[in-house]
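*Asks:* Have a look at the structure that comes next, please.
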Amino acid sequence: MQSTALTISQRFFFDAAHTLRREIEAEGSLRVHGHSYHAEVSLSGPCDPASGMVLDLGLLRRGLDAVRAQLDHRMLDEVPGLGTPTLENLCLFIAQALPAELRPRASRVRVWREALGDSCTLDLPIPAASIAPLTPPCDPDSARMRAAATDTLAARSLAHVWHPCTQMKRHEAQPPVAIARAQGPWLYGSDGRRYLDAISSWWVNLFGHGHPHIKAALADQLERLDHVLLAGFTHAPVVELSERLGALTGLGHAFYGSDGAAATEIALKMSAHYWRNQGRPGKSRFVGLAGGYHGETVGALAVTDMALFREAYAPLVRLAATVPSPDARGAEPGESARDVARRAAAALEAWLAEHHAETAALIVEPLVQCACAMAMHDPEYLRLARALCTRYEVHLVVDEIAVGFGRTGSMFAHQQAGIRPDFICLSKGLTGGTLALSAVLTSDAVYAAFYDDEVARGFLHSHSYTGNPLACRAALATLELFDRLDALNTNRALAARIDAACAPLTGHPRVRHARRLGMIWAWDIADTRPDFARRYHQQALARGLLLRPIGNTLYAMPPYVLDDEAVHCLARGALAALEATLQEEAAA
C-alpha cells in the first residue's frame, strides 16, 4: 500500500495587542516563543496537497499544544477538550484535524521539535478510534466555537449588510465567508482556513495584501495629512500622482473620483460638456461595444451592455448605441483574431458614418472585456477605432479600470496598439487594492475647452473625498513598486510558470478557447449547467481558492506575487474544482 506523508503545519504569533492569529502554510511549522514544532501524518494512498488547506484548526491546535507541553517537559493535568494528554489522545486529536475523507487513511503521526540544535520526536500509530468522528467540548479554543463565531459574523452580516451584486436570498444556503485578515496573495478566514485570492478581490490587488511598502506610505501620510477638500486647496500626493500618471500616459490632466463607475460617468460628462463648450451640443450620445461593462451607476449603465444589470432601471437610463465586439472567439473558419478586429471595425465605421454628428464618444475596454467572460481582442481594433474617431470627430474613451497597471502585460492595455486616447479611466489597481480611488486622464485640448471666465463652462463635478491624500499616497507607493520590482518583466516570468502549471487544465477535454493575455487567464467550459459558476465557486473554496467564474468561463487574475506554492495551489486546485463540479453536475 502506498504511503503519503501529509505535513500539517500551523504558525502562531502574537501581534502588539497579544491577539492570537493563525496561518496555515504548505511548508512551515508551528512556532511558539522561537521554537519550531511540526506534525506529520502518514496516509495510505495518494494525497491531494490541497487537502492540507481544510484542516480542523481547533482540534489541531489543542493536539499540538498538548504535544508542545510534553516535549517541553511541562506538566499539564488536563487540556480543555482533550483530557489528560496521553499519547493516544494526542494522536487522536491530530488525526481528527484531518478532513473527514482522509481520516480513515491516516496510519501514523510524527510530532517533533527543533530548537537550538535540540530535537525531540514522538512517532506513534494512530488508534483505530480516530476514524470515528470526535465531538469536543465547547471550550473557547474549540473548532466548534470558532465555527460558531464565524457563523455569528455571517449572520450579523446578513442581518445588516446588503452585499454587492448579490441576490441575498442565495446566502440562506451559502453564507458569506468571514475573512479575518490577509497577507500576500492569501485571505484568512475567521475559522482559520486559508484561501488563495486568485481574482485579486475583484481585480484590485496587484502586489498582495498588506504590502509593507504601501502600508509604510499610508502610515507616514496619516501622520501628515489625512484629508482636505480639493476645491480651492491642493496637496503633495495628488500633485505628484497627477504628474506621474501624465508621464506614463501622455495625458497631462487628471480628475479624480471614488471608483470605476464614477470614472466612467466623469469621462462621459466631460466629453459631452466639451462638445457643448465647442458650440456643438448635439453631440451628446455615446456608443460602446456589445457586451461592454463600465459600471452600474445610472450614467455608466447607459454604456453597459448587460441586460441583467440595467433592465430594472431602464426608465432611468439614456441608452447608448452598441456596435459588434471584436471578441476573437467570434472568428469564422479561417479567420484570425486580427480579421475579427477588422470586421468589427468595419461595423463601427458604418455606424459612425451615419451617427457621428450626434455622437460624443466611443467607449472601449481595451484588449479585454472582462465582465463579458474575458472576451479578448486584437490590438488592431484599437488602432482602427482611433483612426475612425479622429476622422469622424468623436472622442475615444478607453476604460482601463480593470486592465490597467500591468494586467495585460503592458502598463496600460491601449499602449499595445500604439495609440493615444482622448480619455483614460483608471481605478481598481490604482492603489494596489488598498483604498477606493479612480482617475480620469485627458488631453490639453479637452482641458482648454473648459478654461474660461464663465463658471458654467467649467467642469462642475465633485465628491467630498476627491483626490484624498491617503488614497493618492497609496497609488504613488503602488507605482513605486512597479519600478522597484521591475514588475512588468517579472510578471512575464511568473505568467510562464502559471502557464506551465495550468497545462493540464488548459488541455482538459471540456475546455474551449483557452486564452491568456499578460496576467489574465480564461477557459470556457463546454456543456455546463446554468448554475456552473455557483457550483464551481463552492468547489474552489473547499480547496482553498477564491475563483468566481463568469457564466461558464473560468478565469484567474491573481496578484503579481505568487510563489511556487501559490502557483501550484492555483493550478491543481482549479483543475480539481473543475473535475468535482462536472461530477456534481453529472449526478444532479
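*Asks:* Just flag the chymotrypsin sites (Phe, Trp or Tyr not before Pro) in the stretch 196-289 sitting in loop per DSSP whose Cβ has no more than 16 other Cβ atoms within 10 Å.
*Replies:* On the way: sites: TRP202, TRP203, PHE207, PHE233, PHE255, TYR256, TYR274, TRP275, PHE286; in loops: PHE207, PHE233.
Answer in residue order: PHE233.
*Asks:* Would you mind counting up the charge near CYS372? Only other residues with Cβ under 11 Å from its Cβ, with Lys and Arg at +1 and Asp and Glu at -1. Kindly include the intermediate steps, with their values, before the conclusion.
*Replies:* On the way: positive: ARG329; negative: ASP305, ASP327, GLU365.
Here the charged neighbours net out to -2.
*Asks:* May I ask you to give the percent of accessible area on the stretch 141-286 that is carbon plus sulfur, with a probe radius of 1.4 Å? Don't skip to the end; give the middle numbers.
*Replies:* Details: 4180 of 7280 Å².
It is 57 percent, rounded to a whole number.
*Asks:* Heavy atoms of the protein only, probe of 1.4 Å, neighbouring chains included. What is the accessible area of LEU367 in Å², nearest 10?
*Replies:* Looks like 0 Å² after rounding.
*Asks:* Also, I was wondering about something else. Stokes-Einstein diffusion coefficient for the stretch 152-228 at 25 °C in a medium of 0.890 mPa s, Rh from the Kirkwood formula over Cα pairs: what value in µm²/s? Please list the in-between numbers first.
*Replies:* Working: Rh = 14.9 Å.
Value of D from the Cα-based Kirkwood radius: 165 µm²/s.
*Asks:* Same structure, new question: Taking the stretch 549-588, which GluC sites (Glu not before Pro) meet the DSSP loop condition and have no more than 13 other C-beta atoms within 10 Å? Mind showing how you got there, number by number?
*Replies:* Numbers: sites: GLU565, GLU579, GLU584, GLU585; in loops: none.
For GluC sites (Glu not before Pro) across the stretch 549-588 that sit outside H, G, I, E and B with at most 13 neighbouring Cβ atoms in 10 Å, the list is empty.
*Asks:* Considering only C-alpha atoms, what is the centroid distance from the stretch 148-192 to the stretch 228-260, in Å?
*Replies:* If you average the Cα positions of each part, the centres end up 35 Å apart.
*Asks:* Enter the mean projected area of the convex hull around the alpha-carbon atoms of the stretch 362-426, in nm², rounded to one decimal. Can you show the working numbers first?
*Replies:* Working: hull surface 15.3 nm².
It is 3.8 nm².
*Asks:* Another question about this same structure. In nm, give the distance between the simple-model label positions of ALA387 and ALA173, each being 7 Å from the Cα along the Cα-to-Cβ direction.
*Replies:* Between ALA387 and ALA173, the label points sit 5.2 nm apart.
*Asks:* Right, another one. Taking just the alpha-carbon atoms of the stretch 398-477, what radius of gyration and Dmax come out, in angstrom?
*Replies:* Values for the stretch 398-477 (Cα only, Rg and Dmax): 14.6, 44 Å.
*Asks:* Let me ask something else. Do any trypsin sites (Lys or Arg not before Pro) in the stretch 289-385 lie in a DSSP loop with no more than 15 other beta carbon atoms within 10 Å, and if so, which? Can you show the working numbers first?
*Replies:* On the way: sites: ARG310, ARG318, ARG329, ARG338, ARG342, ARG343, ARG383; in loops: ARG318.
Answer in residue order: ARG318.
*Asks:* Under the classification rounded if a/c is under 1.5, otherwise prolate if a/b is larger than b/c and oblate if not, where does the stretch 488-588 fall, given a ≥ b ≥ c as square roots of the Cα gyration tensor eigenvalues? Each step should come with its number before you reach the end.
*Replies:* Values: a/c = 2.11, a/b = 1.72, b/c = 1.22.
Prolate, because a/c is 1.5 or more and a/b exceeds b/c.
*Asks:* I would also like to ask the following. Please report, as a whole percent, how much of the solvent-accessible surface of the stretch 468-514 comes from carbon and sulfur atoms (probe radius 1.4 Å). Intermediate results must be reported in sequence, preceding the final value.
*Replies:* Details: 1150 of 2090 Å².
That share works out to 55 percent.
*Asks:* Quick one: if you stick a label point 7 Å off each Cα along the C-beta vector at ALA231 and LEU158, how many nm between them?
*Replies:* My value for the distance between the label points is 4.3 nm.
*Asks:* Could I ask something else about it? Hey, can you find the accessible area per residue of the stretch 181-322 for me, probe 1.4 Å, expressed in square angstrom? Could you put the intermediate results ahead of the total?
*Replies:* Working: 6130 Å² over 142 residues.
That works out to 43 Å² for each residue.
The values are calculated or read from the model by the stated rules, or taken from the named source; none is laboratory data. Predicted model only: the values in this text are computed from it and were never measured. Every residue, glycine among them, receives a Cβ derived from its backbone with ideal geometry; neighbour counts consider all protein chains shown. With ligands, DNA and RNA removed, areas are computed over all heavy atoms of the protein, side chains included. Shrake-Rupley method; radii C 1.70, N 1.55, O 1.52, S 1.80 Å.
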